[in-house]
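Before any comments, here is the structure.
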Amino acid sequence: MSRRVVSLWFPRLASDRFLRSRTIDAPFALTHRQGNTERLYCLNAAASQQGLHTGMGYSDARAFCLDLQTHPADPAGDQAFLKVLARWAKRYCPWVGLEGADGLVLDITGSAHLFGGEAPLLHDIHQRVTRAGLFVRSGVADTRGAAWALAHYGKGIAARAQQLDAIGQLPVAALRLDQKPSIALQRLGVKSIGDLHALPRATITRRFGPEVLLRLDQALGTQAETISPLPDPPAYQVRLSLPDPIGLQADVMAGTARLLNQLCEKLTAQEMGARVLQLCLRRVDKGTQEIEIRLARAMRDPHRILTLFERGIGDIDAGFGIDQMRLVATLVEPVVVEQVTHSQVDAGDKLDDLITRIGNRIGLDNVQRFLPADSHIPERSFIVAPAAYSTPAGRWVSLRERPIQIFPPEPITGAGATPPASLRWRRMSFRVERATGPERIAPEWWLSDENWRSGVRDYWKVETKQGRRLWLFYTPQNPAWFVQGQFA
Amino acid sequence: MASDFYTHFPLRANRVHEACGPSALGFAFAVAGQRRGTALWVTEAWHAGQINPAGFAPYFDPRDLLIARGKDQTDVLATAEEALRSGAIALTVITVTKPIGLTEGRRLQLAAEAGKSMGLCLVPDGKGSNAAETRWHCEPIFDAADSTLQRWEIIKNKSGTLATWIVRWNVEARRITVVSEAG
């Protein structure tokens, strides 16, 4: 069976991608900075009709077309979008490759009949791509070269083993030639591929080098050309099927160890580490049980991970036995290989393992640490971040003494701008012996905080005869006294 | 006698101790500052967020502090046991709201011995566990000249006598010093 290849060309991929999110009827172009000038990168149909073309200077284009709308191009985003299209195109055949920056090539050998033939398949592609808001041109032929020629310069489907008839009328540029040989050929009067084929081969090579004939042979199928499909993203999962069901905890641990070794080898080869692991145990009665562990740090060391599974496996109800185990790393992160030195201590590893174990009991987000924040407001001078996703950082400098314990402000009775001589707080009465202050702290007006509606605060450290040292504040704009903290 | 204090105060390692009273937090940070290493603060979720890193920074570097918030006291005790047993944590501070029984207290004690770590339970007044190695009652006292003065009193001691000291926080040296021994 001969090969059949579909070539898809998206001439306006970049601008179509941009216009998918917003509709612009007027002439529109994406611009890209090349060298020192802004040039048009991709146009919509309306702009092409106005006579603009790709590669034109932006200021020239503005002079030709006054109502031209533009936006900076994002070639990396376009490339990613093309990969998305390539993945989508796998619905037609498993063998999809990229063709330049704006095309796809599909090897549909043996899969066209699933869609009722080549014409219905092509119709389906056109319908779906057009509905997605993209403009597409396509060609089907026995070879990649011929399909490309049909997509870019012709139309339709080339019959089997009739490549020359299908593309013979197309210009020589349809052979994917560089600009120089194609212009030279046209100057000589060799306008079409048919003309080129009729010439003696030796003269062409002598005059234009091997490239022209190579392209011609590739288009006509005498020279083979490969299509390289995109690599599949690596799947980090392994499984183990057992001939006899197992139920003992030690057996399940041994099976898990075997799976972990395989998975960690895979992770090591890809320089990745697992962050979330899921172990699915299928029982004989088809019930599945899952154990999920979340790691405080991306890891790929099987021995350390195995001990973390112990608790989960202990809780498993094996029923009549487990006959299939599957281990999936559902979240992976790149792990950089580090130099190990003889002076290194493994306290960090032990701590990370501990965070993981605690995190699996109370939730990884509930193991936290303080990070300094840039604010004068006492309750906002720090933030609390999950320890697994942050590193200790920053310097803790406070210019004035701060209480070691703070709580939401609790009102007390008092009048005037100086602390009361005696106060009652939490059903205890205190006599104030010494008051240090005031320290005025103004609210951060750029943030609306409900608690700071009462305006500026004058903070006092108050030492009581009974011993307690309290942090009081007075709000002069809204006279009242509150207790907000306690010193050591 | 000041030397007597220093036989007690760097608390006995590999044990779980208890502290209560209004200055128990200050006591915990003073101990943490002495232990040198990572400290884990285990509390119930609703109870957390009371300590202020800017406030205890002179006693103990907040970068070395981890906080674990458990759902209830069972979670808190399980987390603490895990942390004590692992040996990766120098000091585990456990905020206890309900009295803990002898079994739980003993389990913590065994975990601390296994992990060569130290635990400190902050308990409400009079709600301690009998398994604790020592129990300290700490309260601030007023002094005309010194605003860091505290009274630390051992109110339970498994291997020693009870005693009371007046101590102060030496800001320059960043350590606790004994002012006098009170009867």
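I'd like to check something: does the range A:321-338 contain any residue that is under 30 Å from A:GLU444 (Cα atoms) and buried (at least 19 other Cβ atoms within 10 Å of the Cβ)? No, that holds for no residue. Report yes if A:THR31 is among the hydroxyl-bearing types (Ser, Thr, Tyr) and part of a loop (DSSP other than H, G, I, E, B), otherwise no. Spelling it out, it is not the case that A:THR31 is among the hydroxyl-bearing types (Ser, Thr, Tyr) and part of a loop (DSSP other than H, G, I, E, B).
Taking the stated definitions as given, is A:SER398 more than 30 Å from A:ALA269 (Cβ to Cβ), at pLDDT 85 or above and either touching a Pro at 6+ places or on another chain (Cβ under 9 Å) or surrounded by 20 or more Cβ atoms within 10 Å (Cβ to Cβ) (or both)?
Working: more than 30 Å from A:ALA269 (Cβ to Cβ): yes; at pLDDT 85 or above: no; either touching a Pro at 6+ places or on another chain (Cβ under 9 Å) or surrounded by 20 or more Cβ atoms within 10 Å (Cβ to Cβ) (or both): yes.
Judged against the criteria, A:SER398 is not a match.
Within the range A:345-375, the set of residues being of a type in the set (A, V, I, L, M), part of a helix (DSSP H, G or I), more than 30 Å from A:ASP449 (Cα to Cα) and more than 7 Å from chain B (Cβ to nearest Cβ) comprises A:ILE355 only. Checking each residue in the range A:95-128 for being part of a helix (DSSP H, G or I), surrounded by fewer than 23 Cβ atoms within 10 Å (Cβ to Cβ) and touching a residue at least 40 places away in the same chain (Cβ under 8 Å) picks out A:ALA112, A:GLU118, A:LEU122, A:ILE125.
Given B:GLY115, B:GLY128, B:GLY119, B:GLY70, which one is touching a helix residue (DSSP H, G or I) at 6+ places or on another chain (Cβ under 9 Å) and either within 7 Å of chain A (Cβ to nearest Cβ) or under 22 Å from B:ARG168 (Cα atoms) (or both)? Full working, then the answer.
On the way: B:GLY115 fails: either within 7 Å of chain A (Cβ to nearest Cβ) or under 22 Å from B:ARG168 (Cα atoms) (or both); B:GLY128 fails: either within 7 Å of chain A (Cβ to nearest Cβ) or under 22 Å from B:ARG168 (Cα atoms) (or both); B:GLY119 fails: either within 7 Å of chain A (Cβ to nearest Cβ) or under 22 Å from B:ARG168 (Cα atoms) (or both).
Answer to the check: B:GLY70.
Is the range A:441-462 home to any residue that is within 22 Å of B:PHE142 (Cβ to Cβ), out of contact with any Cys (no Cβ under 9 Å at 6 or more places or on another chain) and open to solvent by 30 Å² or more (accessible area, probe 1.4 Å)? No, every residue in the range A:441-462 fails to be within 22 Å of B:PHE142 (Cβ to Cβ), out of contact with any Cys (no Cβ under 9 Å at 6 or more places or on another chain) and open to solvent by 30 Å² or more (accessible area, probe 1.4 Å).
Take the conditions within 10 Å of chain B (Cβ to nearest Cβ) and of a type in the set (Lys, Arg) and apply them to A:ARG431. Does it pass?
Here the answer is yes, as A:ARG431 does meet what is asked.
Residues that are surrounded by 22 or more Cβ atoms within 10 Å (Cβ to Cβ), assigned by TED's automatic domain parsing to the domain that holds A:LEU216, of a type in the set (Ser, Thr, Tyr) and more than 30 Å from the chain's Cα centre (by Cα) do occur in the range A:141-161. No other residue among A:PRO378, A:PRO386 is without any contact (Cβ under 8 Å) to a residue 24 or more places away in the chain, within 27 Å of B:ILE67 (Cα to Cα) and either under 40 Å from the mean Cα position of the chain (by Cα) or more than 13 Å from every other protein chain (Cβ to nearest Cβ) (or both) apart from A:PRO386.
Can you say whether B:PHE9 is more than 7 Å from chain A (Cβ to nearest Cβ), under 15 Å from the mean Cα position of the chain (by Cα) and modelled with pLDDT under 90, as far as the supplied structure shows?
Against the criterion (more than 7 Å from chain A (Cβ to nearest Cβ), under 15 Å from the mean Cα position of the chain (by Cα) and modelled with pLDDT under 90), B:PHE9 qualifies.
Of all positions in the range A:287-300, none carries a residue that is loosely packed, with under 12 Cβ neighbours inside 10 Å and outside any strand (DSSP E or B).
Rundown of residues vs (1) open to solvent by 90 Å² or more (accessible area, probe 1.4 Å); (2) in the same structural domain as A:PHE135 (by TED's automatic domain parsing); (3) within 24 Å of A:GLY100 (Cβ to Cβ), yes/no style:
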position: A:GLY35; (1), (2), (3): no, yes, yes
position: A:TYR41; (1), (2), (3): no, yes, yes
position: A:HIS53; (1), (2), (3): yes, yes, yes
position: A:GLY57; (1), (2), (3): no, yes, yes
position: A:PHE64; (1), (2), (3): yes, yes, no
position: A:LEU68; (1), (2), (3): no, yes, no
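Given the structure, is B:PRO99 closer than 20 Å to B:ILE155 by Cβ, open to solvent by 30 Å² or more (accessible area, probe 1.4 Å) and in contact with a strand residue (DSSP E or B) (Cβ under 7 Å, 6 or more places away or on another chain)? The answer is no for B:PRO99.
Against the list (1) without any contact (Cβ under 8 Å) to a residue 12 or more places away in the chain; (2) within 12 Å of chain A (Cβ to nearest Cβ); (3) open to solvent by 20 Å² or more (accessible area, probe 1.4 Å), the condition B:LEU110 fails is (2).
The values are calculated or read from the model by the stated rules, or taken from the named source; none is laboratory data. Quantities reported herein were computed from a predicted structural model and do not represent experimental measurements. Ideal geometry is used to build each Cβ from the backbone, glycine not excepted, and the neighbour counts take in all protein chains shown. Each accessible area value is taken on the protein alone, full model and side chains, heavy atoms only, with ligands, DNA and RNA left out. Shrake-Rupley method; radii C 1.70, N 1.55, O 1.52, S 1.80 Å.
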